[in-house]
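The next block holds one structure in the form of structure tokens; read it before the comments.
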Amino acid sequence: MIGWTTVLRLALSLLVVGMVSLSTRVQAAESGRAAMPPAPVLTVRRFALVVGANDGGGDRVVLRYAGSDAAAVSEVLQRFGGVEDGDHEALVDPTPEELSAALEHMAQRIRAARRGGQHIQFVFYYSGHSDEEGLLLGGRRMAYKELRRQVQEVPADVRIAVLDSCASGAFTRTKGGTKRAPFLLTSGTEVTGHAFLSSSSIDEAAQESDRIGGSFFTHYFTTGLRGAADVDGDRLITLSEAYQFAFDETLARTEATRGGAQHAAYDIQLAGTGDLIMTDLRQTSAQLELAPEVGGRIAVRRVGGELTAELYKPPGSGAVELALEPGRYQVSVDDGQDLWRSELTVADGGRSVLERDDLHKVQPESTVQRGGLAAPPAVAAEEIKDVPFNAGVLPPLSINGQDRSGKKLRNVASVAVAWSRVYRLDGVAVALGATVVDERMNGAQLSFGGNLAGRVDGAQISTGFNHAKLVSGVQAAAINHARVVEPGMQGGLVNVVGTMRGVQLGLVNVGSDVRGAQVGLLNFSGQTDAGVGLISITREGNVHPELSISDTSLVNLGLRFPARHTYSFLEVGVQPAGRGEGWQAGLGFGGRIALPAKLFLDLDLAGYAYFHGVSELHGSDILAKLRMTFGYQPFERLSVFGGPTLNTLIDFGLPQDLAQPGLYQWSALDYTHTGSEVRVRVWPGFVAGVRF
């Protein structure tokens, strides 16, 4: 028989053995876990099409850095983003046809890769000119609708599109979808769907900077992909981290620029679990560590070369690691008071740590709007001399002309008999002949002959002509010309502009890109929001012939001149037989409301001269029509339409029993008022037709 003492000893022994065994297993498991390599993340195959387009055509300034932006994105994607050389394609200044062909070629290659059961991601990047309607490639437009269609048709599991151009936020606007927050993203190998990012909202300019040698958004987007956006320190940069970093830095750096604050936009519709990894920096061969004590705005530039990375690091925050190519770099740290600068070598396979060194003053930078004109070069204050008042006959025979300082002159007031000239005007210039301001005018130029200026903030008023490169204000003369008006107005007999945000009011208006209205007898433009006139032709809208029938004429032939939101039209109609036979010829103006599924609603008002009789005319009357037509447009050059009209006919001095014009002669809803020499008839009608 076993005693209680023996049982207790046996239990204690088993407990000790169990604890030792458990400890051994835990240690073995931890040892094995520590020895295991990190699980790979970028297990997908990624294709990339990168496009840089400096030439927007027309009067748009030729960009300097769209190509280098595309090269910077290519370098990051190929070095850290898992894109192999054979899966990458780059285009420089392509035509719309070349871009479409490249997208189709990518789709074919991805379609072939999918046969092997691989998970495919496709990245499309564009840097260049654009507007609210689409990409501008050498003066031709590729509509966002067409671009989205082609990108969506690429048979990849994930499609990522990044547009760095003016008004590119229009590309992210979708119909019928729901935008999810960019921080609810999904895993790199299980995710499906699309992510579309743009550098600016629909009504903003994307900007590039000479100092950074590229656009703000792309610069900060690639800086984030190199490690500056690594919030959690895992050396895996997700799409949400890169987007948020680029959004914050771009907004901060553009709030005080001439182009104005720039807000990135997105449309992300992804499904899955986890994070969408853009770059994996865990195995990078060369790293630069910004130590915790380093703080401020930090710029990393290759010695004698381009700016590689720029970011703001709060003083005292944790270390930041950037993945770079091996080489020698110059690092600048602006702490808000001074600029600290250091040169160091980042070796292949090594890590370099930044320490503070010497100081240097940062010079102001100039920017260019991606869609606008370049700002004039800055002139130091010490190079400008103030001459408050100028008077004379000609520039050599004036107070300005007697100055021998060699500096550029600035006047507050200038009066000349023939013409005057000054570098900068902050006030008023008056001349019988002409006034000339070489750089910038804040105030007013008044003359009988003409006014010339570089930039105008105010008014140019003349009986002859006005010319300026950039106008924020008013031009009023017989002939007005400006490369850019934003915002402002041109009023005269003939108005000519490149890019405009405002109104042209004159007999003849000519513009390349008008964000506003052209009001005149003849309006011509590449594109405009609204054209009001006898003839308003846009290159974007073209001319659309139409054939219709109405209650007042059996056959109507017309020409439609559409703008973005309005249209005008000319029309001739005939009722060949019957009691209401006659001719009508007139013009109209209206606006369109777009409806879903290629439907539309047009509202317009037209006025006609109406002639009774066909072979023998019996005098003319005035016919007005208020029309509301619904239509369906299956193709760009084909639509059908129809709807009710409200007609008003004014007869002058004609027999009181004269027939009502048109197909039918009586309506229970007719209203007739008869005077001694005039008769007014109002009745409902209809119109239906086809437009080409």
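Full extension from residue 92 to residue 637: what is 0.36 nm times the residue separation minus their Cα-Cα distance, to one decimal in nm?
Taking residue 92 through residue 637 to full extension adds about 193.0 nm, to one decimal.
Taking the Cα of residue 609, stepping 7 Å toward and past its beta carbon, and measuring to each backbone N in region 574-594: which are under 12 Å?
Correct set: 584-587.
Rounded to the nearest 10 Å², what accessible area does residue 105 show when all protein chains are kept and the probe is 1.4 Å?
Number for this one is 80 Å².
On the accessible surface of region 94-159, probed at 1.4 Å, how many percent belong to carbon and sulfur atoms?
47 percent
To the nearest 0.05, how large is the calculated FRET efficiency for residue 692 and residue 252 if R₀ is 60 Å and r is the Cβ-Cβ distance? Don't skip to the end; give the middle numbers.
Values: r = 51 Å, r/R0 = 0.85.
Between residue 692 and residue 252 the formula returns 0.75.
Can you list which of the trypsin sites (Lys or Arg not before Pro) found in region 383-429 are DSSP loop residues with at most 12 other C-beta atoms within 10 Å?
Values: sites: 385, 404, 407, 408, 410, 421, 424; in loops: 404, 407.
The qualifying sites are 404.
In what sequence, largest accessible area first, do 141, 501 appear using a 1.4 Å probe?
Per-residue accessible area, sorted high to low, gives 501, 141.
Taking 0.36 nm per residue of separation and subtracting the Cα-Cα distance, what length does fully extending residue 140 through residue 232 add?
Working: separation 92, 0.36 × 92 = 33.12 nm, distance 4.38 nm.
Length gained, residue 140 through residue 232: 28.7 nm.
Express in Å², to the nearest 10, the accessible area of residue 494 obtained by rolling a 1.4 Å probe over the protein heavy atoms while all chains stay in place.
50 Å²
Report the gain in length on full extension from residue 461 to residue 650: 0.36 nm times residue separation, minus Cα-Cα distance, nm rounded to one decimal.
Using 0.36 nm per residue and subtracting the Cα-Cα distance, I get 63.8 nm.
Give a residue-ordered list of calculated ³J(HN,Hα) values for region 436-442 (Karplus: 6.51 cos²θ - 1.76 cosθ + 1.60, θ = phi - 60°; whole Hz; x for Gly, Pro).
10, 10, 5, 10, 9, 10, 10
So if I take the centroid of the Cα atoms in region 126-160 and the same for region 460-530, what is the distance between those two points in Å?
The two parts, judged by their Cα centres, are 30 Å apart.
Going 7 Å from the Cα of residue 678 in the Cα-to-Cβ direction, what parts of region 603-628 have a backbone nitrogen less than 14 Å from that spot?
621-624
The values are calculated or read from the model by the stated rules, or taken from the named source; none is laboratory data. All of these numbers come straight from a predicted model, not from anything done at the bench. Because the Cβ atoms are built from the backbone with ideal geometry, glycine has one as well, and the counts that use them run over all protein chains shown. These accessible areas exclude ligands, DNA and RNA; they are computed on the full protein's heavy atoms, side chains included. Shrake-Rupley method; radii C 1.70, N 1.55, O 1.52, S 1.80 Å.
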